[in-house]
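Trainee: First, the structure itself, so that you have it in front of you.
The values are calculated or read from the model by the stated rules, or taken from the named source; none is laboratory data. Since the structure is predicted, the reported quantities are computational estimates derived from the model, not experimental observations. With ideal geometry, Cβ positions are generated from the backbone for all residues, glycine too; neighbour counts draw on all protein chains shown.
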Amino acid sequence: MDAIVVDRLSYRYQAVGREILKNISFKVAPGEIVALVGLSGCGKSTLCMCLGGIIPHYLGGMLDGQVLINGKDTKEYRVARLALEVGLVFQDPDTQLFAPTVEDEIAFAPENLCLPVEEVATRVDNVLDTLGITSLRKTNPNHLSGGQKHLVAMGAVLALEPSILVLDELIAQLDPAGKRIINEILVDLRRRGKTILIVEHDPEAVSIADRMLVLEEGRLIKDGETATVLEWWESMLRHKYGCKSWTISGHAAGPE
């Protein structure tokens, strides 16, 4: 069974508004790392919210087509239930962090599942060890660096033990050392069986992906092996926008 199936997905935020996603279809196999790229406004973050069930359950709008997460139709399952299958980590970790310590942040979700105290403690220890942030256990997240905050936000998601991670611009603001750390962790998580969808505009981030998807104005225009699609994507940007980087006239492939 595929980890993610997106079948003829179209979405608009309002019944009479413009379509943000237009007849998108793709699949992600268990254990794959897939990169999703595209210019600002192309629909990447909207697609992430569809994968987690935030759309349509919280934001409403008009959704056509189907999104299956480990065989579960996102229209038929509550967001809290889908969070056990797919973990969303957004670009700004401050929107996800609120507890007084890193330990409390990671423990929050499993505690709300009413898991035994021993199980919660084990999950917290495992996550801290996996992410290499055990030394930050008692630290207030507000006192952390940007890269450390990203790791804690990811840890809070991993504590629910989802098999799928969707990472929206996770490393965009990190320095090269921080990017390397995140990439090493993602490769390790894949070895542990996680399926990972990376939304990025940084070539260093997408280089670890098995496949690459390109969105343009809400449509999926390319899907293939990373090196091949990356070369095509950069060539397309040069010819269409006359640029030499992934940033075009101040517009990068960031969240919509």
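Trainee: Could you count how many residues in the stretch 38-61 are more than 23 Å from residue 109 (Cβ to Cβ) and either aromatic (Phe, Trp, Tyr) or surrounded by fewer than 15 Cβ atoms within 10 Å (Cβ to Cβ) (or both)?
Mentor: 1
Trainee: Among the candidates 151, 160, 167, single out the residue that is at pLDDT below 95, among the aliphatic types (A, V, I, L, M), within 20 Å of the chain's Cα centre (by Cα) and not in a helix (DSSP H, G or I).
Mentor: Details: 151 fails: not in a helix (DSSP H, G or I); 160 fails: at pLDDT below 95.
Only one candidate passes the filter, namely 167.
Yes or no, residue by residue, for (1) of a type in the set (Ser, Thr, Tyr); (2) within 19 Å of residue 190 (Cβ to Cβ):
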{"position": "2", "(1), (2)": "no, yes"}
{"position": "5", "(1), (2)": "no, no"}
{"position": "10", "(1), (2)": "yes, no"}
{"position": "13", "(1), (2)": "yes, no"}
{"position": "27", "(1), (2)": "no, yes"}
{"position": "70", "(1), (2)": "no, yes"}
{"position": "74", "(1), (2)": "yes, no"}
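Trainee: Let me ask something else. Is at least one residue of the stretch 206-222 assigned to a helix (DSSP H, G or I), touching a helix residue (DSSP H, G or I) at 6+ places or on another chain (Cβ under 7 Å) and under 18 Å from residue 168 (Cα atoms)?
Mentor: yes
Trainee: From the set of residues in the stretch 83-124 that are out of contact with any helix residue (DSSP H, G or I) (no Cβ under 8 Å at 6 or more places or on another chain) and acidic (Asp, Glu), which is surrounded by the most Cβ atoms within 10 Å (Cβ to Cβ)?
Mentor: Looking at the filtered set, the residue picked out is 85.
Trainee: Look at the stretch 11-59 and say how many of its residues are part of a helix (DSSP H, G or I) and touching a Ser or Thr at 6+ places or on another chain (Cβ under 6 Å). Talk me through it step by step, then tell me what you get.
Mentor: Step one: filter the stretch 11-59 for residues part of a helix (DSSP H, G or I), giving 44-51, 54-57.
After this cut, where a residue has to be touching a Ser or Thr at 6+ places or on another chain (Cβ under 6 Å) as well, the list is none.
Of the residues in the stretch 11-59, 0 are part of a helix (DSSP H, G or I) and touching a Ser or Thr at 6+ places or on another chain (Cβ under 6 Å).
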